[in-house]
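Only one structure is covered here, and it is reproduced in the block below.
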Amino acid sequence: MSESVSAILILIISSLIFIIPLIFITIVVVNQAISLVNTLQHLSVQPGSTLYQLSGPAVTNINKMLAPFVGTPTAISSSEVTKIAHEVIPNIINSIGNAMLGFLSNLPKFFTSTIVYLFLFMAFLKHNKSIVRLAKSISPFEDEQNDKYFEKSGLIVTASLKGQFIISITTAVSSALLLGVTLGLWPYFFIFVIVLTLLGMVPLGSGIVVIPIGIIAMITGDFWGGFWCLLIYLTVICNIDSVLRPHLIPKKANLIPAVTTLATFCGIFYFGTLGIVYGPLIVILLMTTIDIYVSTHPKKLQAS
């Protein structure tokens, strides 16, 4: 096919692969978020309610743990827990509402960015060779080093992004299934998948959500559900990363955890949510550039 026809076909197919799942996931997540808000709004914290009854075992267990340290068997009471619930639940509802409003208000910006992306993607498909030649012409390296740099950085970046995404979504889906099976949180499965996938791009990952939920379940009466949730997560899901990473991400792209953390949070600071991807990506390119430079200028390195 001609470059124009093949570029148009690639653009259409890749757009459909992205847009169709996005529409489905957005509809499901919005419905689950509305369901969660309705559940919280009708959640009573008065004596005799479900929440009040659940707070009883939690208060008893917490008082037992705190008794040796505070010297009294009643460090906290159910009334104090319900008072906290009265303050926390509206804040949770407001946060979910603000997130949904923020999503809806950003739709025009999203569509504008999508149009710009489509035009740029089309241009890169048709003129990628010219763009590469331009980049090589302004590069300070020799032709041989330029070829090595583009090949190496392309392979590392592509493998890193694909590998990290596969690891993140595999861990997120496994964690969401675990929460559904052990604690019955099936109504919020897709919300957990989205949140845990994003968290999977940063150190600690899905454990930021799963471990507290398991602990809360254990102290609020569902001891065995929380226990199995924590046990399976710590012994199985936590090891998914270590099993998949060597096969998906090149060793040269594996940054030191401290550098990864710094790159991720700096990326979030400068670019927002997409900084989860941009931060490590920029650092990988910088490290590759330094590596190529050092390999082509060993005398300068020895002199310094």
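The values are calculated or read from the model by the stated rules, or taken from the named source; none is laboratory data. All of these numbers come straight from a predicted model, not from anything done at the bench. Note: ideal-geometry Cβ built from the backbone for every residue, glycine included; neighbour counts use all protein chains shown.
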**Fill in**
Per the list (1) surrounded by 19 or more Cβ atoms within 10 Å (Cβ to Cβ); (2) within 28 Å of residue 223 (Cα to Cα), residue check on residue 201 breaks on (2)
**Prompt:** Does region 283-291 contain at least one residue that is of a type in the set (Ser, Thr, Tyr) and either modelled with pLDDT of 75 or more or under 21 Å from the mean Cα position of the chain (by Cα) (or both)?
**Reply:** yes
**Asked** If you check residue 210 against the conditions, is it in contact with a helix residue (DSSP H, G or I) (Cβ under 9 Å, 6 or more places away or on another chain), exposed (fewer than 14 other Cβ atoms within 10 Å of the Cβ) and under 29 Å from residue 162 (Cβ atoms)?
**Response** no
**Prompt:** Mind checking which pairs have a first residue in region 127-153 that is farther than 30 Å from residue 4 by Cβ and a second that is part of a helix (DSSP H, G or I) and among the basic types (Lys, Arg), Cβ under 9 Å, 6 or more apart or different chains?
**Reply:** 141/148; 152/252
**Message:** Can you pull out every residue in region 130-145 that is small (Gly, Ala, Ser) and not in a loop (DSSP other than H, G, I, E, B)?
**Reply:** 130, 135, 137
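Quick grid of which residues meet (1) modelled with pLDDT of 85 or more; (2) under 28 Å from residue 191 (Cα atoms); (3) not in a loop (DSSP other than H, G, I, E, B):
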{"position": "4", "(1), (2), (3)": "no, no, yes"}
{"position": "11", "(1), (2), (3)": "yes, no, yes"}
{"position": "16", "(1), (2), (3)": "yes, yes, yes"}
{"position": "24", "(1), (2), (3)": "no, yes, yes"}
{"position": "28", "(1), (2), (3)": "no, yes, yes"}
{"position": "34", "(1), (2), (3)": "no, yes, yes"}
{"position": "39", "(1), (2), (3)": "no, yes, yes"}
{"position": "45", "(1), (2), (3)": "no, yes, no"}
**Prompt:** How many of the residues making up region 266-288 are touching a residue at least 60 places away in the same chain (Cβ under 8 Å) and surrounded by fewer than 15 Cβ atoms within 10 Å (Cβ to Cβ)?
**Reply:** 2
**Request:** Keeping to region 134-144, report how many residues are surrounded by 12 or more Cβ atoms within 10 Å (Cβ to Cβ) and at pLDDT 80 or above.
**Result:** 3
